[in-house]
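The values are calculated or read from the model by the stated rules, or taken from the named source; none is laboratory data. All of these numbers come straight from a predicted model, not from anything done at the bench. Positions of Cβ are generated from backbone atoms using ideal geometry, with glycine treated the same way; all protein chains shown enter the neighbour counts. For the accessible areas, the whole protein counts, side chains as well, though only heavy atoms, and no ligand, DNA or RNA atoms are used. Shrake-Rupley method; radii C 1.70, N 1.55, O 1.52, S 1.80 Å.
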Amino acid sequence: MTKTFLTRWALYSEGSHVANASEYTPPALGITEAEFRAGHMDMPLVLDDGMEAMSVTIKLVGADERILSLFGFQSGGNPRFVVREGYVSGKNKNLIEDKMEGLITRYESDARTETDRSKSGVTITLRPSLYSRTIDGKEVVYIDAINGVRRINGVDQFKEITDFVMGKNL
């Protein structure tokens, strides 16, 4: 098996390239576990009880007033970010694209020091309510918390339940 290497990546905010982005940590996808044990069962069964909240961090070198202006509640909707990554594995190339919308909940400036001033900047924390990942144009993950959608490899895991609860089966 050939190793895959990240060759480059880029961040876009509200459709504009963010040139001073230096670090990106995608969200961890975690399941909230619930246990079920019927009277005859020797041990509980672990069930999927929804997802844990997602969190994304992005490090920017210097200051970027465009990003600061997106902090907190935004009238008209949440800010949208796109991260594009290019990977190489031998002669193969993979293109990964993460799209996310959510609330910027933290805008934290680095300490001002006597050394490494050129690396000083800010770290933002985004709490996505919408997240998708495509690999070479194929949807791998699509999570829309507001509409109760969790698609993995194109299969909506909770479509029937969401439709029933929202009255779409009537």
Looking only at Asp42, Asp98, Asp64, which one moves most when the chain is put into a Gaussian network model with springs between Cα atoms under 10 Å? Asp42
Per residue, how much space in cubic angstrom lies within the convex hull of the C-alpha atoms of the stretch 55-142? 123
Keeping every protein chain present and rolling a 1.4 Å probe, give me the accessible area per residue for the chain in Å². 67
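Loop sites only, by DSSP: take the trypsin sites (Lys or Arg not before Pro) in the chain that have at most 13 other C-beta atoms within 10 Å and name the longest stretch containing none of them. List each step's numbers first, then the result.
Working: sites that count: Lys3, Arg37, Lys91, Arg112, Lys168.
The answer is 113-167.
Share of the chain's accessible area from carbon and sulfur, percent, 1.4 Å?
Working: 6100 of 11360 Å².
The computed percentage sits at 54.
Take every Cα pair under 8 Å in the stretch 1-121 that's 6+ residues apart, average their separations, divide by the length, and report that relative contact order as a whole percent. Don't skip to the end; give the middle numbers.
Numbers: 185 pairs, mean separation 36.2, N = 121.
Relative contact order here is 30 percent.
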Projected label distance in nm at Thr57 and Glu35, using a 7 Å step from Cα toward the beta-carbon: 3.2
Under a crude label model (7 Å from the Cα following the beta-carbon direction), how far is Ala111 from Leu6 in nanometres? 2.5
Rh by Kirkwood over Cα pairs, then Stokes-Einstein D for the stretch 44-105 at 0.890 mPa s and 25 °C, µm²/s: 161
Starting from the Cα of Glu23, move 7 Å in the Cα-to-Cβ direction to define the label point; list residues of the stretch 61-84 whose amide nitrogen is under 16 Å from there. 61-63
Mind jotting down the three principal axis lengths of the chain based on Cα atoms? Whole angstrom, largest first. 66, 45, 37
